[in-house]
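A.B. asks: Attaching a single structure in structure tokens format; questions to follow.
Laboratory data are not the source of any read-out in this text; all were calculated from the coordinates shown. Since we're looking at a predicted model, the values are computed, not measured. Quick reminder, even Gly has a Cβ in these numbers, built from the backbone with ideal geometry, and neighbours come from all protein chains shown.
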Amino acid sequence: MSRQSSARLSSPATQRNRDPILEVLRDCLPQRGTVLEVASGSGEHALHFARALPTLIWQPTDPSQQALASIDAWRATESLGNLLAPLELDVTQRPWPIDDVDAIVCINMVHISPWEATEALLAEAGEHLPAGGVLYLYGPYKREGQHTASSNEAFDAELRQRNPAWGIRDLEHVVELAERYAFEMERVVDMPANNLSVVLRHQ
């Protein structure tokens, strides 16, 4: 096994959710421009979306060296001119060392990070996106303080046991905070496995 192939991380959840996510992204992302993916993880989403959306430049990021190596390894499997080398980015280290972008995508970070990470994400997105730019969030959320499924409730308990600062957030709290940074919730889409796609539009 090559060093690159051994560096590739793989998530079964990514295989299940990447096409439903792509369907939403096709509707809400601009036709052209640069998309910043925050907390890209393994890099499988980045590769899939860059392949499917060839007129968009995809910039993956992550704070983890293991994730950055995996993103690079997946990137090496195909010659995609619109998939850039990953950048090391910790959302809480502000200001972000990036240029302005046309859209931001963040999948499965909000619940697996402290609330401060969500605050930083929304604040920096407000700084780096133009008027009309999209911030796309994906993951499980509570609605009006209630879990949307018993499996989410169990997952929330597991997350908080791993780290008391983690946990499934109230969607209304996220949207309320986003509004402080001039975002408006455009739509919420029900997704597989009791997740949500949340499309926020910068005003």
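A.B. asks: Between 107, 173, 202, whose Cα lies farthest towards the positive end of the dipole of the chain when Lys and Arg beta carbons carry +1 and Asp and Glu beta carbons carry -1, centred on the Cα centre?
C.D. replies: Farthest towards the positive end: 107.
A.B. asks: Restricting to DSSP loop positions (anything but H, G, I, E, B) with no more than 16 other Cβ atoms inside 10 Å of their own Cβ, which GluC sites (Glu not before Pro) remain in the stretch 97-189?
C.D. replies: Those satisfying the criteria are 144.
A.B. asks: Continuing with the same structure: Work out how much length residue 170 to residue 112 would gain on full extension: take 0.36 nm times their residue separation and subtract the Cα-Cα distance, in nm to one decimal.
C.D. replies: Going from the current span to full extension adds 19.5 nm.
A.B. asks: Rounded to two decimal places and with Rh computed the Kirkwood way over Cα pairs, what is Rg over Rh for the chain?
C.D. replies: Ratio of gyration radius to Kirkwood radius: 0.94.
A.B. asks: Only helical DSSP H runs with n ≥ 4 go in: add -39500 (n - 2.57) per run for the chain, normalise by residue count and round the 222 nm mean residue ellipticity to 500 deg cm²/dmol.
C.D. replies: Value at 222 nm, helices only: -12000 deg cm²/dmol.
A.B. asks: Provide the per-residue ³J(HN,Hα) series for the stretch 191-202, in order, calculated from phi with Karplus coefficients 6.51, -1.76, 1.60 and θ = phi - 60°, each as a whole number of Hz, with x at glycine and proline positions.
C.D. replies: 10, x, 6, 6, 9, 10, 9, 10, 9, 10, 10, 6
A.B. asks: A further question on this structure: Would you mind pulling out the separation of the Cα centroids of the stretch 29-106 and the stretch 121-195, in Å?
C.D. replies: If you average the Cα positions of each part, the centres end up 20 Å apart.
A.B. asks: Using 7 Å Cα-to-Cβ label points, what is the residue 32/residue 72 separation (nm, one decimal)?
C.D. replies: Placing both labels 7 Å along Cα→Cβ, they lie 3.2 nm apart.
A.B. asks: I want to verify a result. In a Gaussian network model of the chain, Cα cutoff 10 Å, which of these has the top mean-square fluctuation: 45, 111, 173?
C.D. replies: Of the options given, 173 has the highest mean-square fluctuation.
A.B. asks: Using the 10 angstrom Cβ neighbour count as an exposure proxy, how do 102, 62 rank, fewest first?
C.D. replies: Result, fewest neighbours first: 102, 62.
A.B. asks: Quick check: pseudo-label points 7 Å beyond the Cα along Cα→Cβ at residue 80 and residue 51, how many nm apart are they?
C.D. replies: Each label point lies 7 Å from its Cα, and together they span 0.7 nm.
A.B. asks: Moving to a separate point now. Give me the distance in nm between label points sitting 7 Å out from Cα along the Cα-to-Cβ direction at residue 11 and residue 143, one decimal.
C.D. replies: Reported label-point gap for residue 11 and residue 143 is 2.3 nm.
A.B. asks: Mind putting a number on the dipole of the stretch 80-177 about its Cα centre? Charges go on the C-beta only, +1 for Lys and Arg and -1 for Asp and Glu, and I need it in Debye to the nearest 20.
C.D. replies: So the magnitude is around 320 debye.
A.B. asks: Follow-up question, since we're still on this one. Sort 80, 177 so that the residue with the fewest other Cβ atoms within 10 Å of its own Cβ comes first and the one with the most comes last.
C.D. replies: 80, 177
A.B. asks: With a ≥ b ≥ c taken as the square roots of the eigenvalues of the C-alpha gyration tensor of the stretch 1-115, please select rounded if a/c is under 1.5 and otherwise prolate if a/b is larger than b/c or oblate if it is not?
C.D. replies: Because its axes are fairly even, with a/c under 1.5, the stretch 1-115 counts as rounded.
A.B. asks: What does the charge dipole of the stretch 3-202 about its Cα centre add up to, to the nearest 20 debye, if the Cβ of each Lys and Arg holds +1 and the Cβ of each Asp and Glu holds -1?
C.D. replies: That gives the stretch 3-202 a dipole magnitude of about 580 debye.
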